[in-house]
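Single-structure report; data block below.
Quick note: the coordinates plus some simple rules give every number you see, no bench work behind them. Values in this document were obtained by computation on a predicted structure and should not be read as measured data. We place every Cβ from the backbone using ideal geometry, glycine too, and count neighbours over all the protein chains shown.
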Amino acid sequence: MADDTIFNYVQSYTDGEISRAAFWELARFKHPTHQISFHTARALAALTFERSYEVHV
């Protein structure tokens with residue numbers, strides 16, 4: 001699961017606390033997550049480090 005929020009939606013649906021329609025409305029992405037997953041050593045080998053920076057808030 002991407003985070004606890006999505007897991008909680010799934011749990012509520014499987015427990016019968018919310019309908020399927022309510023689940024999909026809650027689970028719909030409100031903003032892009034930009035999550036990328038590399039599943040093979042070959043895919044990882046294709047990556048190169050370009051830069052880094054610190055963010056101070």
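For GLN35 and ASP15, the FRET efficiency from 1/(1 + (r/R0)^6), where r spans their Cβ atoms and R0 equals 35 Å, is about 0.85. Each residue of the range 4-18 was assigned a 3J(HN,Hα) from its phi angle through the Karplus curve 6.51 cos²θ - 1.76 cosθ + 1.60 (θ = phi - 60°); the sequence is 5, 4, 5, 4, 4, 5, 4, 4, 4, 5, 5, 7, x, 7, 9 Hz, with glycine and proline shown as x.
Under the convention that each Lys and Arg Cβ holds +1 and each Asp and Glu Cβ holds -1, the size of the dipole of the range 4-45 around its Cα centre is about 300 debye.
Using the Cβ-Cβ distance between PHE23 and ALA45 with R0 = 30 Å, the FRET efficiency computed as 1/(1 + (r/R0)^6) comes to roughly 0.20. Look at the Cα gyration tensor of the chain: its axes a ≥ b ≥ c give a/c of at least 1.5 with a/b over b/c, and that counts as prolate.
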